[in-house]
Amino acid sequence: MTDTLLDAPARVSQHALRHRAGGTDSRSGAPMRDRLTIATLMGVASRHASRREVAFEDAAAEVRHAAGGRPDLLGEAAGVFVAMGRADAAAWYANAAAHLCIAADGDPEVARGQVDAVAARLSAPRRGVAGGPPVPDQVGRPGGGAMSAVRVGSGTRAGAVSRT
């Protein structure tokens, strides 16, 4: 994804600035209500972005509504989508979802700020249960899930499973 999406002039409303203050979640620093709103609007944007036939203006309006008209949250979601698209080619819908968030009046400045932070989290090695050592995937790189370390053993009875 190109950065031209985030080259639009930044618009920060007083409404957005008011909502940045308040009680926060200790893990992310964001208010819990904001985190739930972002999850909802990202789901709506992903759903529309993954469709072939979509009325762009209607989709942007629905994303804007899911965000409660908050440009800061729309910008944050756009930044997450941009980082996802850069980190994983399988996230093919991320470019379209980021465009939807910006078209729904998302704040490009907030989006730019999110890209590097989210990209760093996405590139960090995944850990095992309870923060243990990295779990190897099928090719021995950190990042696979717990089930990727299980294979059917050769020379064992049918259906037997061995750990690698």
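The values are calculated or read from the model by the stated rules, or taken from the named source; none is laboratory data. Keep in mind that this is a model prediction, so the values were computed, not measured. For neighbour counting, all protein chains shown are included, and Cβ atoms are generated from backbone atoms with ideal geometry for every residue, glycine included.
Note on the stretch 58-72: among residues that are assigned to a helix (DSSP H, G or I) and in contact (Cβ under 8 Å) with a residue 40 or more places away in the chain, the one that is surrounded by the fewest Cβ atoms within 10 Å (Cβ to Cβ) is Ala61. The number of residues in the stretch 26-57 being among the polar types (S, T, N, Q) and not in a helix (DSSP H, G or I) comes to 3. Within the stretch 96-105, is even one residue modelled with pLDDT under 95, under 16 Å from the mean Cα position of the chain (by Cα), within 25 Å of Ser123 (Cβ to Cβ) and surrounded by fewer than 18 Cβ atoms within 10 Å (Cβ to Cβ)? No, every residue in the stretch 96-105 fails to be modelled with pLDDT under 95, under 16 Å from the mean Cα position of the chain (by Cα), within 25 Å of Ser123 (Cβ to Cβ) and surrounded by fewer than 18 Cβ atoms within 10 Å (Cβ to Cβ). Remark: pairs (first residue in the stretch 79-92, within 12 Å of Ala111 (Cα to Cα); second residue of a type in the set (Gly, Ala, Ser); Cβ separation under 6 Å; 6+ apart in sequence or on different chains) = Gly79/Ala111; Phe81/Ala94; Phe81/Ala97; Phe81/Ala98; Val82/Ala98; Ala83/Ala119.
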